[in-house]
Each structure stands twice: as C-alpha cells, then as structure tokens.
Amino acid sequence: MANLKIKSGDITTFEGDAIVNAANESLLGGGGVDGAIHRAAGVELVKECATLGGCKTGEAKITSGYRLKARHVIHTVGPVYYEHSPQRAQELLESCYVNSIKTAEEHNCRTLAFPLISAGVYGYPKDKALEVAVNTIKKYGNDIDAVIILFDREAYSIAKEKYSDITE
Ligand code: ADP
C-alpha cells in the first residue's frame, strides 16, 4: 500500500519529484490549480506543453517543472462531472490517478503531490473526489510517497473528518 498523507496548502510550493496538475485537454493552461502551476513554473512550461499535442481525459503527460521546486509536472485531465454518468466519471477520475502514478514511476519520480482533481470548476463532488483519490492512490501507488494537497477549506474539513488517520 502507498504511503499517503493529506495536507492543506498550495501545491506549487511542494518540494519533491513531481506535482500533478489538474489540466484541461489543450494543456495550454487554465484557471484554478492549472493557472497557479503555470504562473509559478514560468512561461517555459506552456512552451513545452504546446509540443505535446494535448491530453485526453483520464490520461497523463509529463514535463519539466522549470521554476517550481518539483522536478516535474504530470499533467492529467479530470472528467467534467456532469458530462458523464456518475460511474463513468468515477472511472475517468480513477484513470487520472492510475496514469499519473504510472507516468511518475516511468520517470523515477517517487515523491508526488496531487491536487483534488476535478473537484473545482469541473464540478466533481468534493467528498466523492476525495474518496476516489484516497482509494486509487492507496491501491496503485505501491512504490511512491504521495500527498494530496488541499487548497480549499471545505475539502480539508471533509478530509479531517473522514481520513483523520492520514490528515495532517
Ligand atoms: P478541475 O478543473 O480539475 O476541477 P480546478 O483547478 O478548478 O480543477 O480545481 C481542482 C482542485 O484544485 C480544487 O479543489 C481547487 O480548490 C484546488 N486548487 C486550486 N488552486 C490550488 C493550489 N494552488 N494548490 C492546490 N490545490 C489547488
């Protein structure tokens, strides 16, 4: 089972092998955590992203971290919740975590930070998004040290209640 913790904070300050970005299919930047990561990494990041030909929902692609303290950024695209059945949305969200972990392992990234993918403008209910994140990372992240970094208070209070054993 993966070594997993949950913290509150800003993912752009994470020091480790890689941070995961909740991107959109264009990979050319957006709002929320995506915007914050691009601002912190600098303009070189969007230049590399522009060479990748986008990313499908549920898949993941890796770049350098540029001015971030993390060496790499793993860009994954979560499902827009209301565009799918709840079951399909869950499968796609699980794929984001599985493919991000796989990509990390292929690039020797062992310390990894995740945001709560899809739980912002993409509308995934925060409690359910957290459940998918925790269960999927625990199941597939055998060889990694992972932290879920929660930016909003609501998500963090859900985590404190439901996963008090791994929430700091
Ligand atoms: P999505 O489009 O996948 O829903 P968002 O960026 O809108 O992505 O939201 C995903 C999650 O990231 C939300 O829970 C939001 O609160 C969180 N978030 C926003 N900025 C940051 C940040 N700097 N660090 C960590 N999480 C963040």
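Taking TYR156 as the residue in question, decide whether it is out of contact with any His (no Cβ under 8 Å at 6 or more places or on another chain), aromatic (Phe, Trp, Tyr), assigned to a helix (DSSP H, G or I) and within 15 Å of the ligand (Cβ to nearest atom).
Answer is yes for this residue.
What pairs can you find where one residue is in segment 1-23 and free of Cβ contacts under 8 Å to residues at least 60 places away in the same chain, the other is within 10 Å of the ligand (Cβ to nearest atom) and open to solvent by 70 Å² or more (accessible area, probe 1.4 Å), and their Cβ atoms are less than 8 Å apart, with a gap of 6+ or different chains?
THR12/ARG39
Being within 13 Å of the chain's Cα centre (by Cα), open to solvent by 10 Å² or more (accessible area, probe 1.4 Å) and within 14 Å of the ligand (Cβ to nearest atom) is true for just one of LEU112, LEU130, LEU116. Which residue is that?
Being within 13 Å of the chain's Cα centre (by Cα), open to solvent by 10 Å² or more (accessible area, probe 1.4 Å) and within 14 Å of the ligand (Cβ to nearest atom) holds for just one of LEU112, LEU130, LEU116, which is LEU116.
Going through segment 42-99 one residue at a time, which ones are more than 13 Å from LEU27 (Cβ to Cβ), open to solvent by less than 60 Å² (accessible area, probe 1.4 Å), of a type in the set (A, V, I, L, M) and more than 15 Å from the chain's Cα centre (by Cα)?
Answer for segment 42-99, where residues must be more than 13 Å from LEU27 (Cβ to Cβ), open to solvent by less than 60 Å² (accessible area, probe 1.4 Å), of a type in the set (A, V, I, L, M) and more than 15 Å from the chain's Cα centre (by Cα): LEU68, ALA89.
Which one is nearest to the ligand (Cβ to nearest atom) among residues in segment 133-153 that are surrounded by fewer than 17 Cβ atoms within 10 Å (Cβ to Cβ) and part of a helix (DSSP H, G or I)?
ARG153
Which one of these does ALA36 not meet: (1) among the aliphatic types (A, V, I, L, M); (2) away from the ligand (no atom under 12 Å from the Cβ); (3) surrounded by fewer than 22 Cβ atoms within 10 Å (Cβ to Cβ)?
ALA36 satisfies every listed condition except (2).
Please go through segment 15-27 and give me each residue that is surrounded by fewer than 23 Cβ atoms within 10 Å (Cβ to Cβ) and either closer than 16 Å to PHE114 by Cα or more than 14 Å from the ligand (Cβ to nearest atom) (or both), ordered by number. If you could, list the steps in order and put the result at the bottom.
Taking segment 15-27 first, the residues surrounded by fewer than 23 Cβ atoms within 10 Å (Cβ to Cβ) are 15-17, 24-26.
GLU15, GLY16, ASP17, ASN24 - these are the residues of segment 15-27 that are surrounded by fewer than 23 Cβ atoms within 10 Å (Cβ to Cβ) and either closer than 16 Å to PHE114 by Cα or more than 14 Å from the ligand (Cβ to nearest atom) (or both).
Can GLY31 be described as surrounded by fewer than 20 Cβ atoms within 10 Å (Cβ to Cβ), within 13 Å of the ligand (Cβ to nearest atom) and farther than 19 Å from LYS128 by Cα?
Working: surrounded by fewer than 20 Cβ atoms within 10 Å (Cβ to Cβ): yes; within 13 Å of the ligand (Cβ to nearest atom): yes; farther than 19 Å from LYS128 by Cα: yes.
The answer is yes for GLY31.
Just the residues that are free of Cβ contacts under 8 Å to residues at least 40 places away in the same chain and touching a helix residue (DSSP H, G or I) at 6+ places or on another chain (Cβ under 7 Å), please, taken from segment 72-88.
Across segment 72-88, the qualifying residue is only HIS84.
The values are calculated or read from the model by the stated rules, or taken from the named source; none is laboratory data. Since the model is a prediction, treat every value here as computed from it, not as a measurement. All Cβ positions, glycine included, derive from the backbone under ideal geometry; neighbour counts span all protein chains shown. Side chains are part of the model used for accessible areas, which takes the heavy atoms of the whole protein and leaves out ligands, DNA and RNA. Shrake-Rupley method; radii C 1.70, N 1.55, O 1.52, S 1.80 Å.
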